[in-house]
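Below is one structure, written out as structure tokens, with a few remarks after it.
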Amino acid sequence: MRSFLRNLTFFFFVHLCLWSLVLWSYTRQRPFDTEVGAIVNDKQELLEKQPSPRIILIGGSNLNFGIRSPEIEKRTGYHPVNMGLNIGDGLAFMLKNVRSSLRRGDVVVISPEYEHFGDFYNGKGEFLYAEVEHRPSMIRAFTVGNYLEMLNKGHLIAGSILRYTVERRGDIIRQYLENKENPYRRDAFNQYGDLVGHYPLAFRLKKSEQIIGPSKSQVTPAKIQRAINALNEFNEECRKRDAQVFYSFPPVPQELFENDATVIKSIASELQRQLQFTILDTPEEMAFPIENFYDGYYHLTGEGSERRTNLLINKLTGRGINSAGDDTTAR
């Protein structure tokens with residue numbers, strides 16, 4: 001028995017030493033301060049420091065790519081906070097992350113991706129882990145579902161770290177970040193949290209590219225209900241803090257809307273029936289020409305983001321969200 005315990009202790013000690021070496025090399029390779037995930041630090045600081053009155057935008061990359069905050073500020077008088085993260089962070093995390101920072105008078109626009117009404121509600125472990133890597137305090141926004149998701153993907157996260165280290169991917173990423181035609185960089189965002197680095201780039205999503213939409217994310221009535229319950233609970237918290245909440249559908253290419261119409265309309269129907277706060281638009285209004293998309297079906301180009309922002313501003317000002325004066329909304 002003593003021999004077994006001694007060998008077991010030695011086994012764990014060797015593995016501890018190996019993983020310490022791997023993690024030491026990994027953290028030295030990884031360009032944490034400049035890669036795109038580091039933007040979470042800027043967004044969290046903006047959420048804390050942006051003066052009132054504020055418009056806080058909650059969702060995934062459809063907001064990163066799809067909002068022109070300076071125009072919102074100019075035409076509404078509200079100071080935007082674009083909290084767009086990654087679809088893989090999940091709706092549960094996105095809502096809890098903002099909840100504790102709500103203030104009296106805030107206007108919150110929630111625009112989750114359709115997959116959040118399916119198997120992306122609790123996010124994906126590797127994306128959640130990336131948030132904690134860049135800002136450890138983000139773990140305070142984890143729900144039980146987030147913890148379970150990350151634990152379930154623990155072996156994948158560990159394997160990813162090992163491969164990154166052994167293959168010296170940090171060197172490749174650093175070269176990638178030096179290319180200013182790559183918009184996936186921390187400095188490709190503006191001071192409001194909008195991704196703007198891709199505006200001058202010519203790349204466009206094409207009809208010939210295969211688009212796998214929300215119909216593949218296991219959207220079921222029970223999962224739609226789960227998301228709606230969370231949205232209504234968040235709205236109740238906002239109401240207690242005298243903050244106003246609106247819902248906006250994410251933009252998608254017309255082709256995807258047509259292909260996934262059954263799923264999209266089922267989500268929209270339940271939202272219209274059960275959501276306890278105002279829905280600003282319809283999925284049909286947010287179906288844009290594919291030429292308005294950059295490299296993914298939620299990623300608008302500069303022209304697309306201008307169109308989406310104008311629609312959003314008009315919807316908000318039509319609901320009385322305007323502290324800038326009557327003349328600022330004329331356009």
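The values are calculated or read from the model by the stated rules, or taken from the named source; none is laboratory data. In this text, all values refer to a predicted model and were calculated from it rather than measured experimentally. Backbone-built Cβ (ideal geometry, glycine too); neighbour counts: all protein chains shown.
Mind telling me which of the residues G123, G145, G159 ends up being closer than 29 Å to P214 by Cβ, without any contact (Cβ under 8 Å) to a residue 40 or more places away in the chain and surrounded by fewer than 20 Cβ atoms within 10 Å (Cβ to Cβ)?
Working: G123 fails: surrounded by fewer than 20 Cβ atoms within 10 Å (Cβ to Cβ); G145 fails: without any contact (Cβ under 8 Å) to a residue 40 or more places away in the chain.
Checking each option against the conditions leaves just G159.
Can you tell me which residue within the stretch 254-276, out of those that are aliphatic (A, V, I, L, M) and under 30 Å from C238 (Cα atoms), is surrounded by the most Cβ atoms within 10 Å (Cβ to Cβ)?
From the stretch 254-276, those aliphatic (A, V, I, L, M) are 256, 261, 263-264, 267-268, 271, 275; that's our starting set.
Of the ones still in play, those that are also under 30 Å from C238 (Cα atoms) are 263-264, 267-268, 271, 275.
Details: V263: 20, I264: 26, I267: 24, A268: 18, L271: 18, L275: 16.
This residue is I264.
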Original post:
Can you find a residue in the stretch 236-253 that is aliphatic (A, V, I, L, M), at pLDDT below 95, surrounded by 14 or more Cβ atoms within 10 Å (Cβ to Cβ) and within 19 Å of G213 (Cα to Cα)?
Top reply: no
Original post:
What are the residues in the stretch 195-220 that are in contact with a helix residue (DSSP H, G or I) (Cβ under 7 Å, 6 or more places away or on another chain), surrounded by fewer than 19 Cβ atoms within 10 Å (Cβ to Cβ) and among the aliphatic types (A, V, I, L, M), if any?
Top reply: I211
Original post:
Within the stretch 125-172, how many residues are outside any helix (DSSP H, G or I), closer than 24 Å to G60 by Cβ and not basic (K, R)?
Top reply: 2
**OP:** Scan the stretch 36-58 and give yes if some residue there is basic (K, R), at pLDDT 95 or above and touching a Pro at 6+ places or on another chain (Cβ under 9 Å), otherwise no.
**Re:** yes
**OP:** Could you tell me whether I313 is in a loop (DSSP other than H, G, I, E, B) and either touching a residue at least 12 places away in the same chain (Cβ under 8 Å) or within 30 Å of E181 (Cα to Cα) (or both)?
**Re:** no
**OP:** Go through (1) among the aromatic types (F, W, Y); (2) farther than 21 Å from F120 by Cβ; (3) touching a residue at least 40 places away in the same chain (Cβ under 8 Å) one by one and return the number of the condition Y176 breaks.
**Re:** (3)
**OP:** Would you check which residues across the stretch 190-227 are among the basic types (K, R) and assigned to a loop (DSSP other than H, G, I, E, B) and list them?
**Re:** R204, K206, K207
Subject >> Pair list, Cβ < 9 Å and 6+ apart or interchain, from the stretch 269-296 residues that are touching a residue at least 60 places away in the same chain (Cβ under 8 Å) to residues that are polar (S, T, N, Q) and not in a loop (DSSP other than H, G, I, E, B) >> reply: I290/Q254; G296/S61
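Within the stretch 283-308, can you find the residues that are assigned to a helix (DSSP H, G or I) and buried (at least 21 other Cβ atoms within 10 Å of the Cβ)? Write out each step before concluding.
Let us first name the residues in the stretch 283-308 that are assigned to a helix (DSSP H, G or I), namely 290-292, 302-308.
N292, G304, S305, R308, listed by residue number.
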Original post:
Looking at (1) in contact with a helix residue (DSSP H, G or I) (Cβ under 8 Å, 6 or more places away or on another chain); (2) more than 26 Å from I264 (Cβ to Cβ), can you tell me which one K223 breaks?
Top reply: (2)
Subject >> Matching entry among I279, I224 (being β-branched (V, I, T) and surrounded by fewer than 16 Cβ atoms within 10 Å (Cβ to Cβ)) >> reply: I279
